[in-house]
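The block underneath contains the structure these notes are about, expressed in structure tokens.
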Amino acid sequence: MPRLLAVMGSGETSPTMVKTHRALLGRLGPPPVPAVVLDTPYGFQANAADLASRAVEYFRESVGRPIEVAHLLAADGDALEYETMLAKLRAARYVFSGPGSPTYALRQWQSTLVPKMLAEKLHTGGCITFASAAALTLGAATVPVYEIYKAGEEPRWLDGLDLLGEVGIQAAVIPHYNNAEGGTHDTRFCYLGETRLARMEKDLPDGTFVLGVDEHTGLILDLDAGTATVVGLGVVTVRRGGTSTEVPTGTTMPVAELLAVGTGAGPAFRAPPAPDEAAGAGRPAPATGRSPLLENVARLEASFDAAVEARDVAEAVRSVLGLEDELVSWSRDTLQSDQLDRGRAALRGMVVRLGELAHLGAQDPMEAVRPFVDALLVQRESARATNRWADADAVRDVLVTLGVQVQDSPEGPTWRLVS
């Protein structure tokens, strides 16, 4: 069985990482591959059970593979629950963990067998995929993100699990490396910003470098082949003494070369040119830190606006349905922001404008609005089928605003115009 360590910068339960999860699971043997979600990093949150359920749903519906929860919210919890978690973790070939607090996770794991079992898996075979908060724990040093960024504590390092040390890499992992949520202030480097990171970098142990992983990006370490592969939308950054070297997505390089850059024993890595680089095509777009979801929302809004301007009803409906599909895909992601709300607001705005477009030049009101109403009812039924009741109610409310009364029945919904 291969020995793999995957580090994801973010987007671990988004559409951007589906292909990566599938590829990693596919290397571990034919399905079903025993796989677990380790839920400790968000164990302190009131919605911990919901986050775990969404991860399970993501793997089942998007990745197409089953996964179960290895439940450890607190180290001092029920003894039977702890032993059950250990049994699941021991049997798993694929171990996944993601958002939450690295500080909380380390505090819970330090008195358990979890770190030892994870290290053993890197020696005996299997794949550990840690993302976001969990990824922060992988190195020799860990950033206490919440304490520094949210509570204003002095920038400092904590001891990490040092699982990277098991593969010979002495580094501090920083996910969300290209984060741009701050807008007017610097939230790169997992919300540290340049000033804090430059200060903290001086306090790293000798020989330890920063390994930054962009959002919606992954670094796959193959311990048997001795290779490091960058996947996803962004880059992986090796930073030493304030000097950064970027490794672009699609690159596979020897781990030894990555180490040489990080320790200063070798020259900065330079990616080979793409075959068609001279023509300026086929190269990945630069990582901007902007949400892929919001980029797709903007693209579909622009397509919708163009269709409305051209009075192209069919294309406008396709844009609406495309945005609805996009929101369904991202609804399984453990987003820690208002991105889905912003997407839904854009969808509602499209729906209202569809109603306005339908009445332009209409002679038979029922026939004029039928394509729009039927399309919206398809969205509503899709939302109801996946228990997204708020989305279903939002569609119905918009229809009511436009003078459409919907009546549900066992045979399906019917509608009529009331104004």
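The values are calculated or read from the model by the stated rules, or taken from the named source; none is laboratory data. These figures come from a predicted structure and were not determined experimentally. For neighbour counting, all protein chains shown are included, and Cβ atoms are generated from backbone atoms with ideal geometry for every residue, glycine included.
Summary of computed values
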| read-out | value |
| --- | --- |
| Those residues of the stretch 43-74 which are assigned to a helix (DSSP H, G or I) and closer than 28 Å to Ala225 by Cα, in sequence order | Phe59, Val63 |
| Among the residues listed as Val230, Val210, the single one being touching a residue at least 24 places away in the same chain (Cβ under 8 Å), assigned by TED's automatic domain parsing to the domain that holds Leu24 and β-branched (Val, Ile, Thr) | Val210 |
| Checklist (1) touching a residue at least 24 places away in the same chain (Cβ under 8 Å); (2) over 22 Å from Tyr58 (Cβ atoms) applied to Glu153, failing item | (1) |
| Residue match in the stretch 34-42 (condition: in the same structural domain as Gly165 (by TED's automatic domain parsing), assigned to a loop (DSSP other than H, G, I, E, B) and within 18 Å of the chain's Cα centre (by Cα)) | yes |
| Test for Arg3: is it touching a residue at least 12 places away in the same chain (Cβ under 8 Å), in contact with a helix residue (DSSP H, G or I) (Cβ under 7 Å, 6 or more places away or on another chain) and charged (D, E, K, R) | yes |
| Considering residues of the stretch 74-100 that are without any contact (Cβ under 8 Å) to a residue 40 or more places away in the chain and among the charged types (D, E, K, R) only, the residue surrounded by the fewest Cβ atoms within 10 Å (Cβ to Cβ) | Asp76 |
| Qualifying residue in the stretch 220-230 (condition: modelled with pLDDT of 80 or more, of a type in the set (S, T, N, Q) and more than 26 Å from Gly11 (Cα to Cα)) | no |
| Residue satisfying all of: in the stretch 129-148; surrounded by fewer than 24 Cβ atoms within 10 Å (Cβ to Cβ) and touching a helix residue (DSSP H, G or I) at 6+ places or on another chain (Cβ under 8 Å); farthest from Pro66 (Cα to Cα) among these | Ile148 |
| Within the stretch 107-145, tally of residues that are among the charged types (D, E, K, R) and within 29 Å of Ala198 (Cα to Cα) | 1 |
| Failed criterion for Glu68 (all others in (1) within 30 Å of Ser291 (Cα to Cα); (2) modelled with pLDDT of 95 or more; (3) touching a helix residue (DSSP H, G or I) at 6+ places or on another chain (Cβ under 6 Å) hold) | (3) |
| The stretch 135-167, subset in a helix (DSSP H, G or I) and closer than 19 Å to Ala228 by Cβ, residue nearest to the chain's Cα centre (by Cα) | Ala135 |
| Residue match in the stretch 56-67 (condition: under 22 Å from Gly125 (Cα atoms), without any contact (Cβ under 8 Å) to a residue 24 or more places away in the chain, out of contact with any strand residue (DSSP E or B) (no Cβ under 9 Å at 6 or more places or on another chain) and surrounded by fewer than 20 Cβ atoms within 10 Å (Cβ to Cβ)) | no |
| Selection within the stretch 405-419 - outside any strand (DSSP E or B) and among the hydrophobic types (A, V, I, L, M, F, W, C) | Val418 |
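Rundown of residues vs (1) modelled with pLDDT of 80 or more; (2) touching a strand residue (DSSP E or B) at 6+ places or on another chain (Cβ under 6 Å); (3) loosely packed, with under 13 Cβ neighbours inside 10 Å, yes/no style:
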position: Trp330; (1), (2), (3): no, no, no
position: Asp338; (1), (2), (3): no, no, yes
position: Leu354; (1), (2), (3): no, no, no
position: Arg388; (1), (2), (3): yes, no, no
position: Pro413; (1), (2), (3): yes, yes, no
position: Ser419; (1), (2), (3): no, no, yes
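Residue-by-condition table, conditions (1) touching a helix residue (DSSP H, G or I) at 6+ places or on another chain (Cβ under 6 Å); (2) under 21 Å from Glu215 (Cα atoms); (3) of a type in the set (A, V, I, L, M, F, W, C):
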{"position": "Ala35", "(1), (2), (3)": "no, no, yes"}
{"position": "Ala49", "(1), (2), (3)": "no, no, yes"}
{"position": "Ala75", "(1), (2), (3)": "yes, no, yes"}
{"position": "Thr103", "(1), (2), (3)": "no, yes, no"}
{"position": "Gln110", "(1), (2), (3)": "no, no, no"}
